[in-house]
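Note sheet for the following structure.
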Amino acid sequence: MNAFFTAKEYLQWLINSKARHGIHSPFLYQFLDQCLYRESEKSLFEIPEKHRRNLKNDHTILEYIDLGAGKRNQRNNNSNKKIKRIEVRQIALNSLQQPRYCRLFYRMIKYFDCRNVLEMGTSFGVTTSYMSLAGAHVIIDSIEGAYPIAELAGNYFSENKFTNIILHRGNFDFILEDVISGKSYDLVFMDGNHRGSRTLEYFQKLIKHINPEGVVIIDDIRWSESMLNAWKEIKNHNDVTLSIDLFRMGIVFFDIRLKKQEFAIRF
Ligand SMILES: C[S@@+](CC[C@H](N)C(=O)[O-])C[C@H]1O[C@@H](n2cnc3c(N)ncnc32)[C@H](O)[C@@H]1O
């Protein structure tokens, strides 16, 4: 998305957005008051933050197929995929979730008493481990398609005994259905392939695997026009009731007791 479009989008979002006050939905008010705007004790997250620091200083070069770069209809032809050679520290600097969002996911898992969580796009496992710290009873399926990245994440999970994380290695396009088969999730975090069309396809596949009171978080909804269009389709989907637009990410609920309403919320 170009700078002008982003600035226009941001201005529009800012005009429409609210904080806690002026929110009449009791469900949303309570969520904002007791979860979104409630800070977590940062010392709980020393292990993931140490991992983040180490990654940011790691000059190891990784080589893998960039799943975000392949073209539609070329997914069986690896020769068309771009091989990426990149230092760990560069990936860590560019693609890891900011700590305040990681803490929000941790709080959401606790607040909604989630048991089964799915993360699409593990990367080095920083966010996954925040989610893992929400409780030993929480089971997290996390999928990563870049094998050398998944390797580092897997080592980090086992060295630090994050035993409630199940790491699945592979392309969402090929393994998502198997991973979610027979499962029902309370929280899904979509943070992988940032192509709008793919995001919509994954969302369609996921819908029947979300619990009635479940929640889906979609990252980078303004990454591109196609992602923004995907977000608009998702929040208008028949099964989605309440939706929250945090500008960077979108959150949707499916609970039929909630009114179909859209909110832009400052975070
Ligand atoms: C933005 S990063 C994830 C960051 C991570 N959730 C965090 O918060 O630290 C996106 C990850 O998704 C992975 N990915 C992208 N497209 C994918 C696909 N089609 N299948 C599997 N993994 C994919 C990338 O390799 C990358 O590691």
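Test of understanding: among I109, I91, which residue is within 30 Å of L32 (Cα to Cα) and either out of contact with any Cys (no Cβ under 6 Å at 6 or more places or on another chain) or away from the ligand (no atom under 12 Å from the Cβ) (or both)?
On inspection, the qualifying residue turns out to be I109.
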Scan the range 106-123 residue by residue and report those that are farther than 18 Å from L67 by Cβ and open to solvent by less than 10 Å² (accessible area, probe 1.4 Å).
M108, I109, C114, V117
Does the range 75-102 hold any residues that are surrounded by 14 or more Cβ atoms within 10 Å (Cβ to Cβ), modelled with pLDDT of 90 or more and assigned to a loop (DSSP other than H, G, I, E, B), and which are they?
L96, Q97
Among the residues of the range 223-244 satisfying the criterion of being touching a Phe, Trp or Tyr at 6+ places or on another chain (Cβ under 7 Å) and in contact (Cβ under 8 Å) with a residue 40 or more places away in the chain, which is farthest from the ligand (Cβ to nearest atom)?
L242
Regarding the range 153-171, can at least one residue be identified that is farther than 25 Å from H59 by Cβ, touching a His at 6+ places or on another chain (Cβ under 9 Å) and within 12 Å of the ligand (Cβ to nearest atom)?
no
Could you tell me how many of the residues in the range 124-152 are in a loop (DSSP other than H, G, I, E, B) and either on the phi < 0 side of the Ramachandran plot or surrounded by fewer than 21 Cβ atoms within 10 Å (Cβ to Cβ) (or both)?
9
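Could you grab me the full set of residues in the range 172-199 that are within 11 Å of the ligand (Cβ to nearest atom) and either of a type in the set (K, R) or at positive phi (or both)?
R195, R198
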Looking at the range 200-219 only, could you name the residues that are farther than 20 Å from N94 by Cα, within 12 Å of the ligand (Cβ to nearest atom) and surrounded by 17 or more Cβ atoms within 10 Å (Cβ to Cβ)?
Y202
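The values are calculated or read from the model by the stated rules, or taken from the named source; none is laboratory data. Predicted, not measured: the structure shown is a model, and the values here were computed from it. As a convention, Cβ positions derive from the backbone with ideal geometry for all residues, glycine included, and neighbour counts pool all protein chains shown. All accessible areas refer to the heavy atoms of the entire protein, side chains included, with ligands and DNA or RNA removed. Shrake-Rupley method; radii C 1.70, N 1.55, O 1.52, S 1.80 Å.
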